[in-house]
Amino acid sequence: MKHWSRRKFLAALAGAGVVGLSGLSGWRKPAFAAADPADQFTNRLRLPGASGLYAAATAKEVRQFTVSELDFEVLPRILSPFRAYVADVGGRRLLNPTLLARPGDRIKLRMVNRLKQPTIIHWHGLTNDERNDGVGNFQVEPGKYFDYAFTVRDRAASYWYHPHPHDVAGEQAYKGLAGLLIVTDDDEEKLARALDLARGVTDIPLVIQDRSFNFEGRLEYKLSREQMFAGFLGEEILVNLTVRPYLDAARRIYRFRILNGSNARSYRLAFAQGNRLLDYYLIGTDGGLLEQPQKVRESFIGAAQRLEVLLDLRAASGNDPELLKSLAFDPMHNESVDEKPGKPAAGAAHGTGADPHAAHAAPGAIADGTEMPLLRINIKPSPEYTKQIPSRLSQLPKPAAAAGEPRRFTLGHDGKGNWNINGWRFNMHETPVTVRRGTRETWLLQNNRASMPHPMHIHGFQFRVLERQNSPAQIKALSTRRDGLLPQDCGLLDTVLVWPGESVRIALDFSHPFSGDQTYMFHCHNLEHEDTGMMIGYKVKA
Ligand code: C2O
Ligand code: CU
Ligand code: CU
């Protein structure tokens, strides 16, 4: 198994003299193979505080987001150019605030664009009319502003917001722009009481993102031609923008709200103590709580997806730290397998026999599918805790399949380096699909064999997964059901990961209260795929 290393960065730092090396002793160990990887996780995980990164505020008290360029310490003690949504609330300055709301709340917010390029905020997972959904057609120029006004109509869940301009969403998100919007309701409060959870202390957001740094330790977004095609892969995995983080925890139950905020990378999430994998409980997905907790040992999470989990640290043995890690998996970058000669240079080096874990590793980047630690959890002496996980969490209506043939979407590429959906590439003036408001449909998302995993995201409506067919072995192994569904498929979703060769049937209900026609996006949330055209507009006809 491959482990990642850090030589390039160290060599660079030693030469650059930007910072004293004294503070960077954690960076000096070159690789994990020899030593205990957990030893290198010496940076305290950033948690939302009263101000700064991810600080919480009610959506009602935040009136303005200034989209700003500023300097931010991504790596410890190194200032990097960074972009953030800045809000000033009652004397506090918040960066990428965690917005708190309840269903029915009214959000009124002005976005002021202080970037040097157009931008727009998209509210990922929320049911909005097309204007408040916030996509490229509404992007605003530098120096201009945009006013949002909408009602939170969705279930309690961890939603998020991020940029959605034409062609540069990947770059803008990468450079810092992303935050959470947490909607709570009575079910949520009941759970918090039952487990004695406190937001920011034992109910913790974990935003997982991979990043690369230049010779001075500043964030770098440079795409090789290969990464334009496969998507960006970084050389470090950050959690809450903390590199090699640790969390001090008590022997009790924690709730983690995990967002895969990476541009392109998927993770196979597990908790481990030494070589022992620990059970954890999946309790929520993109669209909020499941009906019942699902005991699991691992879950895949694709870009843009959220998984909410409970981890019971009373089950930890001794005082050894636990690790949240991503287990090794086959990234299935099979783009070239069925291709004739003359296919893009982008896929040339792999797909037929070579180490699949080496797929698309640009120099320095951690190859997709590599086993790696993400967060070290130190277990501290703690007061007795006797709470138990409730057996019921919430209610979800049964997914309802529409009668008749499904609408089919094939995910593939043109052999020249461009991904597409049914052969369509994004054109803002076209909406190749029209659905009727108030109707139900079944969509069948079919991924070619010569492809890669695509986290497919639908704007405007959450959906249910009905069935997975032809799943690759590593996915099938996680299902105990005849319909192939994974534990996480039993929730409400806005993004579903579709693996090469796989077909996923989903149920949509196009009911919403907005008058007139509304146009929404359907796209791959691998942001490089989105930016290069793996997106279509679809119209909901009134
Ligand atoms: Cu999270 Cu169209 O995006
Ligand atoms: Cu979205
Ligand atoms: Cu994709």
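Every number here is computed from the coordinates shown, using simple stated rules; none is lab data. Note that the structure is predicted; figures quoted are calculated from it, not measured. Neighbour counts are summed over all protein chains in view; Cβ atoms, including those assigned to glycine, are modelled from backbone coordinates with ideal geometry.
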For this session: Can you grab the distance from the C-alpha centre of region 82-125 to the C-alpha centre of region 271-316, Å, no decimals?
Result: 29
For this session: Could you tell me whether the chain comes out rounded, prolate or oblate from its Cα gyration tensor? Rule is a ≥ b ≥ c as square roots of the eigenvalues, rounded for a/c under 1.5, then prolate if a/b exceeds b/c, otherwise oblate.
Result: rounded
Exercise. Is the shape of region 52-184 rounded, prolate or oblate, going by the alpha carbon gyration tensor and its root eigenvalues a ≥ b ≥ c, with a/c under 1.5 for rounded and a/b larger than b/c for prolate?
Worked result: oblate
Problem set entry | the chain - mean residue ellipticity at 222 nm from DSSP helices (-39,500 (n - 2.57) per run, n ≥ 4, rounded to 500) | -2000 deg cm²/dmol
Problem set entry | For Thr242, distant residues with modelled amide H under 5 Å away | Arg46
Exercise. Scanning the chain for GluC sites (Glu not before Pro) in DSSP loops with at most 14 other Cβ atoms within 10 Å, what's the longest stretch left with none?
Worked result: 62-383
For this session: Could you list Ile389, Ile458, Ile421 in order of exposure, starting from the residue whose Cβ has the fewest other Cβ atoms within 10 Å?
Result: Ile389, Ile458, Ile421
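Based on DSSP, what percent of beta bridges with both residues in the chain are antiparallel, to the nearest 5? The partial results should precede the final answer.
Details: 99 of 134 bridges.
Close to 75 percent.
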Problem set entry | Cβ-based exposure ranking for Trp419, Trp443, in which fewest neighbours within 10 Å come first | Trp443, Trp419
